[in-house]
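Asker: Just passing along the structure, written as structure tokens.
The values are calculated or read from the model by the stated rules, or taken from the named source; none is laboratory data. Not measured: the values here are computed from a predicted model. Neighbour counts are summed over all protein chains in view; Cβ atoms, including those assigned to glycine, are modelled from backbone coordinates with ideal geometry. The accessibility values were calculated without ligands, DNA or RNA, using every heavy atom of the protein model including side chains. Shrake-Rupley method; radii C 1.70, N 1.55, O 1.52, S 1.80 Å.
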Amino acid sequence: MNRPALDERRLRVLDALRGRLVVSCQARDGEPLHGPLHMRAMALSALAGGASGLRLEGPDDVAAVRAVTTVPVIGLWKIGSEGAYITPTMESVRAVASAGADVVAVDGTGRARPDGSTLADVVREMHQIGVLVMADVASVEQGVAAQEAGADLVGSTLSGYVGDDAPPVGPDLPLVGALASALSVPVVAEGRISTPEHAREALALGATTVVVGGAITRPAAITERFVAALDARPATTDTSEVAR
């Protein structure tokens, strides 16, 4: 694809997402909502609520949703569970792009990719076919390197998930602000954003768009929060015993 056409597509996607909400519709294998049929319904529900874009996992889910909407789709494919597992090979990148993603999200932490490819390799090939690349990172330094490699967007997605430390409870909003200050490419706030207030603060810190997943699309996790809150409530006094 020639450069003017690529720039036009980039402008169209970013204009649609600027200042707006992207909903991540994903369900792990073994969960009741896993599969393209359920994720298509989830995506349409998110769009009915006002979402302006979607983040989807796996070529099958991307294709199923692409068939029913024209909104920007960020596609990825999680393969494995350690190291660079977000769309970690050129084969997986091509599959997600072929399924209809406007943007392919990949690991942007600098960790070795299983097939020896680099982020720059991904960018080069995706730009040739007019697909944008989002680099999921965990630090400002990784974000700068991703921008230098040609990434079109940089997301805070992997903050708290690189290294041995357990992820913090809330979103890494300081990283969002630092990325926005350091980069010229759009910054995507993503990762443990669980309230509308988090989303508003991310935009105020300079994020171009906000991705929310589990707080919207994972009913089991949402239910667990309510159950935990009820289980933690103080014991009530039995008024019948007091009366005696």
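Asker: Go through SER184, VAL211, THR223 and say which Cα lies farthest out towards the positive end of the charge dipole of segment 112-244; charges sit on Cβ, +1 for Lys and Arg, -1 for Asp and Glu.
Answerer: Of the options given, the answer is THR223.
Asker: ³J(HN,Hα) across segment 113-125 via Karplus (A = 6.51, B = -1.76, C = 1.60, θ = phi - 60°), whole Hz, x for Gly/Pro?
Answerer: 8, x, 9, x, 6, 10, 4, 4, 5, 4, 4, 4, 6
Asker: For segment 55-71, just list the computed ³J(HN,Hα) in residue order, Karplus coefficients 6.51, -1.76 and 1.60, θ = phi - 60°, integers in Hz, with x standing in for Gly and Pro.
Answerer: Using θ = phi - 60°, the values come out as 10, 10, 10, x, x, 5, 5, 4, 5, 5, 7, 4, 5, 10, 7, 10, 5 Hz.
Asker: Could you look at segment 36-127 and say what percent of its accessible area is carbon and sulfur, using a 1.4 Å probe and all protein chains?
Answerer: On the way: 1960 of 3670 Å².
Carbon and sulfur: 54 percent of the exposed surface of segment 36-127.
Asker: If you place +1 on the Cβ of every Lys and Arg, -1 on the Cβ of every Asp and Glu, and leave all else neutral, what size is the dipole of segment 27-152 about its Cα centre, to the nearest 20 Debye?
Answerer: Values: 9 positive and 16 negative charges, 58 e Å.
Value, rounded to 20: 280 debye.
Asker: For LYS78, what residues show an amide H to amide H distance below 5 Å, using hydrogens built from the backbone and excluding near sequence neighbours?
Answerer: GLY58, THR87
Asker: Rg and Dmax of segment 87-150, using alpha carbons, in Å: what are they?
Answerer: 10.8, 31
Asker: Please turn the phi angles of segment 89-97 into ³J(HN,Hα) values with the Karplus equation 6.51 cos²θ - 1.76 cosθ + 1.60 (θ = phi - 60°), one per residue in order, whole Hz, x for glycine and proline.
Answerer: Those phi angles translate into 10, 5, 4, 5, 4, 4, 5, 5, 5 Hz.
Asker: Provide, as a two-decimal number, the C-alpha radius of gyration of segment 161-239 over 2.2 N^0.38 Å, N being how many residues it has.
Answerer: Working: Rg = 16.7 Å, N = 79, 2.2 N^0.38 = 11.6 Å.
Against the empirical 2.2 N^0.38 Å value, I get 1.44 for segment 161-239.
Asker: Then there is this: Which far-off residues, 5 or more places away or on another chain, put their amide H under 5 Å from the one on VAL71, with H placed in the peptide plane?
Answerer: none
Asker: Report, in deg cm²/dmol and to the nearest 500, the calculated mean residue ellipticity at 222 nm for the chain, where each DSSP H run with n ≥ 4 adds -39500 (n - 2.57) and the sum is divided by the residue count. Could the numbers behind the result be given before it?
Answerer: Working: 11 runs with 105 residues, N = 244.
It lands at -12500 deg cm²/dmol.
Asker: Over segment 123-202, with the other protein chains present, what is the accessible area per residue in square angstrom, probe 1.4 angstrom?
Answerer: So segment 123-202 comes to 42 Å² accessible per residue, rounded to a whole number.
Asker: Based on a Kirkwood Rh over C-alpha pairs, give the Stokes-Einstein translational diffusion coefficient of the chain at 25 °C and viscosity 0.890 mPa s in µm²/s.
Answerer: For the chosen part, D equals 132 µm²/s.
Asker: SER24's amide H: which non-local residues (gap 5+, or another chain) put their own amide H closer than 5 Å, with H modeled 1.01 Å from N in plane and none for Pro or chain starts?
Answerer: ARG55, VAL212, GLY213
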